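One structure is given here, and the rest of the page talks about it.
No value in this document is a laboratory result; all are computed from the given coordinates. Worth saying up front: this structure is predicted, and the values here are computed from it rather than measured. Using ideal geometry, Cβ is built from the backbone for each residue, glycine included, and neighbour counts are taken over all protein chains shown.
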Amino acid sequence: MSLREQTTLISWPPSRPVGDELDESKDSFNSPSFLLDTSSSLDSNSSLLRRGSEPPQTSPPETQASAESQSRFLETQDPESQSFGNYSDASSIARFPSFHFNLHTLTSLSSLVERKFKGSVKISCLLAVLEVEGPDTIRIKNGAEAGKEVSILKIVLGDEEGTVCKLTASWREIAEDWGGAGKAVATKRGDIVYLENVMASCDPATSITLSPSPYLKSVLTICYRSMPYSHEDGRMRPDLRLGFSDPAVRKVAAVVSWFEDLAGLEQI
């Protein structure tokens, strides 16, 4: 057989016009990120999470109330309220919730009240900021430190069970740092904050008071901003639904839901 008889005929499909490729590229660019998509995939995932979070019939009322609050949080969250504007895919991925605290280290304010604890104890807790006053700078008039300027920050906080406490930061570096006088982000009303290593003073006749100190290495971390004040606050509003399998995320979501109900915020 000759070489001519062994040749194979190869045909190519017709090329599409350049305009079609441009149109397709344009459509692909405008398609939404999967993190901000409102399709049925998110709805089905949310439904699975809600079914998984429903407590058994034998659960106590407190557990059922907490689960119902978390389930309602999932149902009422809207992608637009979470996105807080138009973000790129990279920005959306960066707002995946990640909280670095251990639930076993948290102390419930309500538990301190219920067992009528009296005295002082170092605790860590997750609370919602109800009011912020300061930081204010005052000058000491009397005593050995007369003429010295100090800063004071006062915060009213509460947990998802309705227990309210007061925090007073009288150390200047802490008051200015937590109050936003320095480079740190200021704590504002509606923030869900993780307080680490603060001294809780308890008296059954009065409300709990919290006192941070640099000697205790007290730390305040903003986990979620329920009331955004600017476009930049969107970075403090991670989409909690994306990490709802994490117990820490569910804990934050429960406090967010409690504050929104208390403040009368519309859950879109």
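Annotation for the range 95-159 versus the range 204-232: alpha-carbon center distance of 5 Å. For the range 103-237, dividing the convex hull volume of the Cα atoms by the residue count gives 125 Å³ per residue.
In the range 103-237, taking the dipole from charged Cβ atoms about the Cα centre, the farthest positive-side position among Y224, I152, G162 is held by I152. Taking Lys and Arg as +1 and Asp and Glu as -1, the other residues whose beta-carbon sits under 11 Å from that of P228 total +1.
Looking at this model, which pairs from K116/K183; K154/K251; K116/K148; K118/K141 are more than 29 angstrom apart at the alpha-carbon?
From K116/K183; K154/K251; K116/K148; K118/K141, over 29 Å: K116/K183; K116/K148; K118/K141.
How big is the charge dipole of the range 103-237 about its Cα centre, in debye rounded to the nearest 20, if each Lys and Arg gets +1 on its Cβ and each Asp and Glu gets -1 on its Cβ? The calculated dipole for the range 103-237 is roughly 220 debye.
Size descriptors for the range 131-175 (Cα atoms only): Rg and Dmax, in that order, 13.5, 43 Å.
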